[in-house]
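The structure under discussion appears below in the form of C-alpha coordinates.
The values are calculated or read from the model by the stated rules, or taken from the named source; none is laboratory data. Predicted, not measured: the structure shown is a model, and the values here were computed from it. Reconstructed Cβ throughout: ideal geometry from the backbone, glycine too, with neighbour counts over all protein chains shown. For the accessible areas, the whole protein counts, side chains as well, though only heavy atoms, and no ligand, DNA or RNA atoms are used. Shrake-Rupley method; radii C 1.70, N 1.55, O 1.52, S 1.80 Å.
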Amino acid sequence: MKKIVPFVVILLFLISCESSEDIKSLEVNKTRISIPLGPEQLNSYQVWSSYFEKGNKLVAYNDRMHHLDFFDLDDQKVISSVPLEKEGPYGLGRIESIYRHAADSIFLYERGKLHILSLLGEKVETFDLYKIYGNLNLGEPVCNFYFKLNYREESKEVFFFMLNPTDDIEEKSQHSLVTSLSLENETVKTLPIKHTEHFKNVNGHVGFITYLGFTGFLNERMIYNFQYESPVFAFSPISGKIAQGKVHEDKMINEVLTLEDPEVFDRHAIDNPHFLSPVPDPWKDKIYRFMWGAPDPNLDENGFTEKSSSISVFDSDLNLLQEFSLPNYTYQINNWFVNENGFYMNVAHPMNETTSEDFLVFDIFKFNVD
(Lines give C-alpha, C1' and ligand atoms only; values in the text may rest on other atoms or scores of the structure.)
Protein backbone atom coordinates (compact mmCIF):
# COMPACT_ATOMS: atom_id res chain seq x y z
CA MET A 1 0.00 0.00 0.00
CA LYS A 2 1.40 3.40 -1.01
CA LYS A 3 1.82 5.99 1.68
CA ILE A 4 2.53 9.69 1.47
CA VAL A 5 2.61 11.79 4.61
CA PRO A 6 2.61 15.58 4.11
CA PHE A 7 3.77 17.99 6.77
CA VAL A 8 5.60 21.30 7.10
CA VAL A 9 8.96 21.80 8.75
CA ILE A 10 8.89 24.96 10.86
CA LEU A 11 12.07 26.94 10.36
CA LEU A 12 13.32 27.94 13.78
CA PHE A 13 15.77 30.59 12.76
CA LEU A 14 17.24 32.36 9.77
CA ILE A 15 20.98 31.79 9.60
CA SER A 16 21.83 34.05 6.67
CA CYS A 17 20.29 35.78 3.70
CA GLU A 18 22.68 37.22 1.16
CA SER A 19 20.85 36.83 -2.13
CA SER A 20 20.00 39.70 -4.41
CA GLU A 21 16.45 38.33 -4.37
CA ASP A 22 14.05 39.87 -1.88
CA ILE A 23 13.64 36.79 0.26
CA LYS A 24 12.46 37.05 3.85
CA SER A 25 12.52 33.33 4.51
CA LEU A 26 12.05 29.96 2.87
CA GLU A 27 9.07 27.82 3.67
CA VAL A 28 10.07 24.17 3.84
CA ASN A 29 7.46 21.57 2.95
CA LYS A 30 8.24 17.91 3.43
CA THR A 31 6.52 14.73 2.28
CA ARG A 32 7.52 11.13 2.79
CA ILE A 33 7.43 8.21 0.37
CA SER A 34 7.85 4.58 1.32
CA ILE A 35 8.67 1.94 -1.31
CA PRO A 36 7.89 -1.69 -0.35
CA LEU A 37 10.89 -3.92 -1.01
CA GLY A 38 11.41 -7.52 -1.98
CA PRO A 39 14.03 -9.78 -0.38
CA GLU A 40 16.75 -8.67 -2.81
CA GLN A 41 16.52 -4.87 -2.52
CA LEU A 42 18.13 -2.63 0.12
CA ASN A 43 16.66 0.11 2.30
CA SER A 44 19.64 2.39 1.64
CA TYR A 45 22.04 2.83 -1.28
CA GLN A 46 25.27 4.78 -1.58
CA VAL A 47 25.59 4.43 -5.38
CA TRP A 48 22.64 5.60 -7.47
CA SER A 49 21.43 7.84 -10.30
CA SER A 50 18.04 9.53 -10.56
CA TYR A 51 16.48 10.13 -13.98
CA PHE A 52 13.22 10.87 -15.77
CA GLU A 53 11.52 8.37 -18.07
CA LYS A 54 7.73 8.58 -18.09
CA GLY A 55 8.00 9.71 -14.50
CA ASN A 56 10.77 9.98 -11.92
CA LYS A 57 12.96 6.91 -11.57
CA LEU A 58 16.00 5.77 -9.62
CA VAL A 59 18.64 3.20 -10.45
CA ALA A 60 20.91 2.04 -7.59
CA TYR A 61 23.78 -0.38 -7.26
CA ASN A 62 23.04 -3.23 -4.88
CA ASP A 63 26.49 -4.24 -3.60
CA ARG A 64 25.10 -7.15 -1.61
CA MET A 65 23.59 -8.84 -4.68
CA HIS A 66 25.77 -7.20 -7.40
CA HIS A 67 22.56 -5.99 -9.05
CA LEU A 68 21.20 -2.79 -10.50
CA ASP A 69 17.89 -2.08 -8.73
CA PHE A 70 15.35 0.14 -10.51
CA PHE A 71 12.61 2.09 -8.67
CA ASP A 72 9.61 4.17 -9.70
CA LEU A 73 9.64 7.11 -7.27
CA ASP A 74 6.26 8.51 -8.33
CA ASP A 75 4.37 5.21 -8.05
CA GLN A 76 6.53 4.11 -5.08
CA LYS A 77 7.39 0.65 -6.32
CA VAL A 78 10.25 -1.57 -7.40
CA ILE A 79 10.53 -1.84 -11.18
CA SER A 80 13.16 -4.55 -11.52
CA SER A 81 16.52 -5.89 -10.36
CA VAL A 82 19.09 -6.59 -13.07
CA PRO A 83 21.92 -8.99 -12.13
CA LEU A 84 25.44 -8.01 -13.18
CA GLU A 85 28.05 -10.53 -14.26
CA LYS A 86 31.21 -10.94 -12.17
CA GLU A 87 33.25 -13.00 -14.64
CA GLY A 88 33.63 -13.39 -18.39
CA PRO A 89 33.27 -10.82 -21.20
CA TYR A 90 30.46 -9.00 -19.37
CA GLY A 91 32.15 -9.21 -15.96
CA LEU A 92 32.11 -6.16 -13.68
CA GLY A 93 33.81 -5.44 -10.37
CA ARG A 94 32.46 -3.39 -7.48
CA ILE A 95 30.63 -0.32 -8.80
CA GLU A 96 31.47 3.01 -7.14
CA SER A 97 29.38 5.44 -9.20
CA ILE A 98 26.51 5.38 -11.75
CA TYR A 99 25.19 7.81 -14.34
CA ARG A 100 22.04 6.74 -16.15
CA HIS A 101 22.10 8.56 -19.50
CA ALA A 102 19.44 6.77 -21.57
CA ALA A 103 17.52 3.51 -21.64
CA ASP A 104 20.35 1.81 -23.53
CA SER A 105 23.21 3.75 -21.97
CA ILE A 106 24.13 3.41 -18.29
CA PHE A 107 27.62 4.55 -17.29
CA LEU A 108 29.30 2.67 -14.44
CA TYR A 109 32.61 3.42 -12.74
CA GLU A 110 34.68 0.75 -11.06
CA ARG A 111 38.22 1.47 -9.98
CA GLY A 112 40.36 1.89 -13.11
CA LYS A 113 37.47 1.33 -15.52
CA LEU A 114 34.54 3.17 -17.05
CA HIS A 115 31.80 0.91 -18.45
CA ILE A 116 28.78 1.61 -20.64
CA LEU A 117 25.94 -0.89 -20.18
CA SER A 118 22.62 -1.56 -21.82
CA LEU A 119 19.43 -1.59 -19.78
CA LEU A 120 19.74 -5.39 -19.58
CA GLY A 121 23.10 -5.09 -17.84
CA GLU A 122 25.13 -6.11 -20.89
CA LYS A 123 28.48 -4.39 -21.30
CA VAL A 124 28.58 -2.29 -24.46
CA GLU A 125 31.99 -0.66 -24.04
CA THR A 126 34.78 -0.36 -21.48
CA PHE A 127 37.42 2.36 -21.15
CA ASP A 128 40.65 1.33 -19.41
CA LEU A 129 41.35 4.43 -17.30
CA TYR A 130 44.76 3.25 -16.10
CA LYS A 131 45.85 2.86 -19.72
CA ILE A 132 44.44 6.25 -20.76
CA TYR A 133 45.81 8.16 -17.76
CA GLY A 134 48.89 6.02 -17.15
CA ASN A 135 51.58 8.31 -18.62
CA LEU A 136 49.98 11.69 -17.91
CA ASN A 137 51.26 12.13 -14.33
CA LEU A 138 47.90 13.50 -13.18
CA GLY A 139 47.09 10.97 -10.48
CA GLU A 140 44.32 8.36 -10.36
CA PRO A 141 40.89 9.20 -11.88
CA VAL A 142 38.13 8.59 -9.34
CA CYS A 143 34.35 8.76 -9.05
CA ASN A 144 32.62 7.92 -5.76
CA PHE A 145 29.73 9.04 -3.56
CA TYR A 146 31.37 12.46 -3.12
CA PHE A 147 32.32 13.07 -6.74
CA LYS A 148 29.54 11.56 -8.85
CA LEU A 149 29.95 10.11 -12.30
CA ASN A 150 28.53 12.60 -14.80
CA TYR A 151 28.32 12.56 -18.62
CA ARG A 152 27.92 15.73 -20.72
CA GLU A 153 26.22 14.80 -23.99
CA GLU A 154 27.11 18.13 -25.62
CA SER A 155 30.84 17.53 -25.35
CA LYS A 156 30.71 13.73 -24.93
CA GLU A 157 32.83 14.01 -21.79
CA VAL A 158 32.92 12.42 -18.37
CA PHE A 159 34.65 13.97 -15.34
CA PHE A 160 36.95 12.56 -12.69
CA PHE A 161 38.40 13.68 -9.37
CA MET A 162 42.15 13.18 -9.46
CA LEU A 163 43.83 11.48 -6.50
CA ASN A 164 47.48 12.49 -6.19
CA PRO A 165 49.48 10.42 -3.68
CA THR A 166 52.17 13.08 -3.09
CA ASP A 167 52.74 14.43 0.44
CA ASP A 168 54.35 17.63 -0.84
CA ILE A 169 51.98 20.48 0.08
CA GLU A 170 53.20 22.75 -2.71
CA GLU A 171 52.70 20.06 -5.32
CA LYS A 172 49.27 19.21 -3.94
CA SER A 173 48.24 22.88 -4.00
CA GLN A 174 49.18 23.23 -7.67
CA HIS A 175 47.68 19.90 -8.70
CA SER A 176 44.57 19.97 -10.93
CA LEU A 177 41.83 18.14 -9.04
CA VAL A 178 39.44 17.50 -11.95
CA THR A 179 39.88 16.19 -15.47
CA SER A 180 37.49 15.54 -18.32
CA LEU A 181 37.77 12.53 -20.62
CA SER A 182 36.44 12.68 -24.18
CA LEU A 183 34.75 9.40 -25.03
CA GLU A 184 35.12 10.14 -28.74
CA ASN A 185 38.91 10.21 -28.90
CA GLU A 186 40.00 9.33 -25.32
CA THR A 187 41.75 12.67 -24.83
CA VAL A 188 42.12 14.09 -21.33
CA LYS A 189 41.84 17.76 -20.31
CA THR A 190 42.74 19.23 -16.94
CA LEU A 191 40.32 21.72 -15.41
CA PRO A 192 41.65 24.74 -13.44
CA ILE A 193 40.15 23.46 -10.18
CA LYS A 194 42.70 23.33 -7.37
CA HIS A 195 42.77 23.30 -3.58
CA THR A 196 41.89 26.56 -1.85
CA GLU A 197 43.94 29.02 0.19
CA HIS A 198 42.52 27.52 3.38
CA PHE A 199 44.00 24.16 2.37
CA LYS A 200 47.40 25.82 2.01
CA ASN A 201 47.00 27.71 5.30
CA VAL A 202 46.55 24.45 7.23
CA ASN A 203 49.42 22.81 5.32
CA GLY A 204 47.01 20.39 3.68
CA HIS A 205 46.40 18.81 7.09
CA VAL A 206 42.65 18.34 6.74
CA GLY A 207 42.60 14.71 7.83
CA PHE A 208 39.87 12.62 6.24
CA ILE A 209 38.01 15.71 5.01
CA THR A 210 39.80 15.94 1.67
CA TYR A 211 37.40 15.25 -1.18
CA LEU A 212 35.91 17.62 -3.67
CA GLY A 213 32.12 17.29 -3.87
CA PHE A 214 30.30 17.28 -7.23
CA THR A 215 26.97 15.88 -8.39
CA GLY A 216 26.05 17.87 -11.49
CA PHE A 217 25.65 21.09 -13.46
CA LEU A 218 23.43 24.15 -13.09
CA ASN A 219 23.01 26.62 -15.96
CA GLU A 220 25.90 24.96 -17.81
CA ARG A 221 28.26 25.42 -14.84
CA MET A 222 29.87 22.65 -12.81
CA ILE A 223 28.77 23.13 -9.18
CA TYR A 224 31.25 21.85 -6.62
CA ASN A 225 32.71 22.42 -3.17
CA PHE A 226 35.46 21.27 -0.82
CA GLN A 227 34.67 19.25 2.27
CA TYR A 228 36.93 21.42 4.43
CA GLU A 229 35.22 24.83 3.98
CA SER A 230 31.77 26.26 3.38
CA PRO A 231 31.74 28.11 0.00
CA VAL A 232 30.12 26.67 -3.11
CA PHE A 233 31.97 27.06 -6.42
CA ALA A 234 30.92 27.10 -10.08
CA PHE A 235 33.19 26.34 -13.03
CA SER A 236 32.17 27.29 -16.59
CA PRO A 237 33.61 24.91 -19.23
CA ILE A 238 32.84 27.57 -21.85
CA SER A 239 34.65 30.56 -20.33
CA GLY A 240 37.06 28.60 -18.14
CA LYS A 241 36.20 30.91 -15.22
CA ILE A 242 35.49 29.92 -11.62
CA ALA A 243 33.00 31.72 -9.39
CA GLN A 244 33.17 31.35 -5.60
CA GLY A 245 30.51 31.93 -2.98
CA LYS A 246 31.27 33.54 0.36
CA VAL A 247 32.79 31.79 3.34
CA HIS A 248 29.80 32.17 5.64
CA GLU A 249 30.38 32.46 9.37
CA ASP A 250 34.08 31.50 8.93
CA LYS A 251 33.08 27.88 8.49
CA MET A 252 36.40 26.13 7.86
CA ILE A 253 37.79 23.05 9.53
CA ASN A 254 40.77 23.18 11.88
CA GLU A 255 44.20 21.78 11.09
CA VAL A 256 44.97 18.23 12.22
CA LEU A 257 47.63 18.73 14.87
CA THR A 258 49.39 15.40 14.36
CA LEU A 259 49.53 13.03 11.41
CA GLU A 260 50.77 10.05 13.39
CA ASP A 261 47.88 9.18 15.71
CA PRO A 262 44.80 7.48 14.14
CA GLU A 263 42.68 8.48 17.15
CA VAL A 264 43.50 12.14 16.51
CA PHE A 265 42.40 11.71 12.88
CA ASP A 266 39.11 10.16 13.97
CA ARG A 267 38.47 12.82 16.60
CA HIS A 268 39.24 15.57 14.07
CA ALA A 269 36.71 14.08 11.63
CA ILE A 270 34.10 13.76 14.39
CA ASP A 271 34.48 17.25 15.85
CA ASN A 272 34.81 19.20 12.60
CA PRO A 273 32.13 19.86 9.96
CA HIS A 274 32.11 18.02 6.64
CA PHE A 275 30.65 20.17 3.87
CA LEU A 276 29.27 17.42 1.65
CA SER A 277 28.51 17.47 -2.06
CA PRO A 278 26.26 20.28 -3.37
CA VAL A 279 23.16 19.23 -5.30
CA PRO A 280 22.02 21.59 -8.11
CA ASP A 281 18.25 21.94 -8.59
CA PRO A 282 17.51 23.11 -12.17
CA TRP A 283 13.75 23.15 -11.49
CA LYS A 284 14.05 25.71 -8.66
CA ASP A 285 17.37 27.26 -9.78
CA LYS A 286 18.80 26.52 -6.34
CA ILE A 287 21.64 24.51 -4.80
CA TYR A 288 21.34 22.32 -1.69
CA ARG A 289 24.32 21.35 0.46
CA PHE A 290 24.33 18.97 3.41
CA MET A 291 26.62 19.75 6.36
CA TRP A 292 27.66 16.97 8.75
CA GLY A 293 28.54 18.92 11.88
CA ALA A 294 29.98 18.28 15.32
CA PRO A 295 28.14 15.81 17.61
CA ASP A 296 25.04 17.10 19.34
CA PRO A 297 26.11 17.67 22.99
CA ASN A 298 22.63 16.64 24.17
CA LEU A 299 23.20 13.04 23.05
CA ASP A 300 24.66 10.38 25.34
CA GLU A 301 27.35 9.31 22.85
CA ASN A 302 29.93 11.43 21.03
CA GLY A 303 30.91 9.57 17.85
CA PHE A 304 30.31 9.62 14.10
CA THR A 305 26.69 8.51 14.44
CA GLU A 306 26.03 11.46 16.78
CA LYS A 307 27.26 14.12 14.37
CA SER A 308 24.64 16.81 13.81
CA SER A 309 23.35 17.65 10.33
CA SER A 310 21.84 20.57 8.44
CA ILE A 311 20.90 21.66 4.93
CA SER A 312 22.07 24.92 3.40
CA VAL A 313 20.15 26.41 0.47
CA PHE A 314 21.99 28.62 -2.05
CA ASP A 315 20.76 30.60 -5.04
CA SER A 316 22.28 30.11 -8.50
CA ASP A 317 24.73 32.96 -7.80
CA LEU A 318 26.17 30.88 -4.92
CA ASN A 319 24.73 33.10 -2.17
CA LEU A 320 23.62 31.36 1.00
CA LEU A 321 19.88 31.85 1.46
CA GLN A 322 19.26 29.81 4.54
CA GLU A 323 20.56 26.98 6.68
CA PHE A 324 18.43 24.82 8.91
CA SER A 325 19.00 21.93 11.25
CA LEU A 326 17.86 18.36 10.71
CA PRO A 327 16.74 15.94 13.43
CA ASN A 328 19.29 13.55 14.95
CA TYR A 329 19.43 9.87 14.01
CA THR A 330 17.29 10.32 10.91
CA TYR A 331 19.06 10.56 7.53
CA GLN A 332 21.71 8.46 5.83
CA ILE A 333 24.51 10.73 4.62
CA ASN A 334 25.40 10.83 0.91
CA ASN A 335 22.07 9.28 -0.10
CA TRP A 336 20.21 12.26 -1.54
CA PHE A 337 19.23 13.60 -4.96
CA VAL A 338 16.86 16.06 -6.61
CA ASN A 339 14.16 15.91 -9.27
CA GLU A 340 11.14 18.03 -10.15
CA ASN A 341 9.36 16.86 -6.97
CA GLY A 342 12.06 18.21 -4.65
CA PHE A 343 15.15 17.21 -2.68
CA TYR A 344 15.09 13.55 -1.59
CA MET A 345 16.85 12.36 1.59
CA ASN A 346 17.01 8.70 2.60
CA VAL A 347 15.53 7.98 6.03
CA ALA A 348 18.02 5.30 7.08
CA HIS A 349 20.43 6.62 9.68
CA PRO A 350 22.17 3.60 11.30
CA MET A 351 20.76 4.66 14.72
CA ASN A 352 17.24 5.27 13.40
CA GLU A 353 14.97 2.91 15.34
CA THR A 354 12.11 3.35 12.85
CA THR A 355 14.14 2.02 9.92
CA SER A 356 12.80 -1.17 8.35
CA GLU A 357 14.55 -3.43 5.88
CA ASP A 358 11.18 -3.84 4.16
CA PHE A 359 10.94 -0.26 2.88
CA LEU A 360 13.07 2.27 1.01
CA VAL A 361 12.02 5.57 2.60
CA PHE A 362 12.70 9.15 1.45
CA ASP A 363 11.69 12.52 2.84
CA ILE A 364 11.15 15.00 -0.01
CA PHE A 365 11.91 18.63 0.79
CA LYS A 366 10.49 21.56 -1.16
CA PHE A 367 11.92 25.02 -0.54
CA ASN A 368 9.50 27.80 -1.40
CA VAL A 369 9.71 31.55 -0.99
CA ASP A 370 7.52 32.64 1.91
(message) At R0 = 56 Å, how high is the FRET efficiency between residue 184 and residue 302 if r is their beta carbon distance? Nearest 0.05 is fine.
(response) 0.60
(message) Using a Förster radius of 45 Å, what is the FRET efficiency between residue 366 and residue 260 based on their Cβ-Cβ separation? Nearest 0.05, please.
(response) 0.45
(request) Would you kindly find the accessible area of residue 252, with a 1.4 Å probe and non-protein molecules such as ligands, DNA and RNA excluded, rounding to the nearest 10 Å²? (result) 70
(request) Would you mind computing, in nm to one decimal, how far apart the modelled labels at residue 25 and residue 353 are, each placed 7 Å from Cα along Cα→Cβ? (result) 3.1
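Over the chain, calculate the relative contact order: mean separation of alpha carbon pairs under 8 Å at least 6 apart, over the residue count, as a percent. Working shown, then result.
Working: 848 pairs, mean separation 60.7, N = 370.
Once divided by the residue count of the chain, the mean separation gives 16 percent.
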(message) If I model a spin label at residue 85 and residue 124 as a point 7 Å from the Cα along the Cα→Cβ vector, what separation in nanometres do I get?
(response) 1.7
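Classify the range 208-359: rounded, prolate or oblate, from the alpha-carbon gyration tensor (a ≥ b ≥ c, eigenvalue square roots; a/c under 1.5 rounded; otherwise prolate if a/b is larger than b/c)?
On the way: a/c = 2.12, a/b = 1.27, b/c = 1.68.
It comes out oblate by the Cα gyration axes.
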(message) From the P(r) of the range 146-192, could you give the percentage of C-alpha pairs in the tail past 18 Å?
(response) 36
(message) Once you keep just the Cα pairs under 8 angstrom separated by 6 or more residues, what percentage relative contact order results for the range 82-187?
(response) 18
(request) Compare 141, 278, 350 in a GNM of the chain, Cα atoms joined below 10 Å, and give the one with the largest fluctuation. (result) 350
(message) Suppose every Lys and Arg Cβ carries +1 and every Asp and Glu Cβ carries -1, with no other charges. What dipole size does the chain come out with about its Cα centre, to the nearest 20 debye?
(response) 740
(message) Viscosity 1.306 mPa s, temperature 10 °C: give me the Stokes-Einstein translational D for the range 242-299 in µm²/s, with Rh taken as the Kirkwood radius over C-alpha pairs.
(response) 113
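Given a Förster distance of 45 angstrom, what is the FRET efficiency for residue 132 paired with residue 75, based on the Cβ-Cβ distance and rounded to 0.05?
Details: r = 41 Å, r/R0 = 0.90.
Working from the Cβ atoms, E equals 0.65.
Please tell me which of these pairs span more than 24 angstrom C-alpha to C-alpha: 77/366; 156/286; 57/286?
Table pairs above 24 Å Cα-Cα are 156/286.
Of 232, 264, which has the most accessible area with a 1.4 Å probe, and how do the rest follow in descending order? Kindly include the intermediate steps, with their values, before the conclusion.
Values: 232 0, 264 45 Å².
Largest accessible area first, the list is 264, 232.
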(request) Write out the chymotrypsin sites (Phe, Trp or Tyr not before Pro) in the range 245-312 meeting two conditions: DSSP loop, and at most 14 other Cβ atoms within 10 Å of their Cβ. (result) 283
(message) From the protein chains alone at 1.4 Å, what is the descending order of accessible area for 189, 148, 113, largest first?
(response) 189, 113, 148
(request) For the range 345-360 and the range 276-292, write down the distance between their C-alpha centroids in whole Å. (result) 22
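How much length is gained on full extension from residue 317 to residue 169, taking 0.36 nm per residue of separation minus their Cα-Cα distance?
On the way: separation 148, 0.36 × 148 = 53.28 nm, distance 3.10 nm.
Extra length from residue 317 to residue 169 when fully extended: 50.2 nm.
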(request) Using only Cα atoms, locate the centre of the range 35-109 and the centre of the range 238-263, then give the distance between them in Å, rounded to an integer. (result) 33
(message) Can you match semi-axes √(5λ) of the Cα gyration tensor in Å to one of these, [x] 35, 23, 20; [y] 29, 28, 21; [z] 38, 20, 19, based on a calculation from the structure here?
(response) [y]
(request) Report residue 259's accessible area, 1.4 Å probe, all protein chains in place, as a number in Å² to the nearest 10. (result) 90
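Classify the range 85-158 as rounded, prolate or oblate, taking a ≥ b ≥ c as the square roots of the eigenvalues of its Cα gyration tensor: rounded when a/c is under 1.5, otherwise prolate if a/b is larger than b/c and oblate if not.
Oblate is the answer for the range 85-158, as a/c is 1.5 or above yet b/c matches or exceeds a/b.
Kindly identify the range 128-233 as rounded, prolate or oblate by the Cα gyration tensor criterion: order the square roots of the eigenvalues as a ≥ b ≥ c, call it rounded if a/c is under 1.5, otherwise compare a/b with b/c, prolate if a/b is larger, else oblate. Mind showing how you got there, number by number?
Details: a/c = 2.17, a/b = 1.32, b/c = 1.64.
Since a/c reaches 1.5 but b/c is at least a/b, the shape of the range 128-233 is classed as oblate.
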(message) Give me the percent relative contact order of the range 195-304, please, defined on Cα pairs under 8 angstrom at least 6 residues apart.
(response) 25
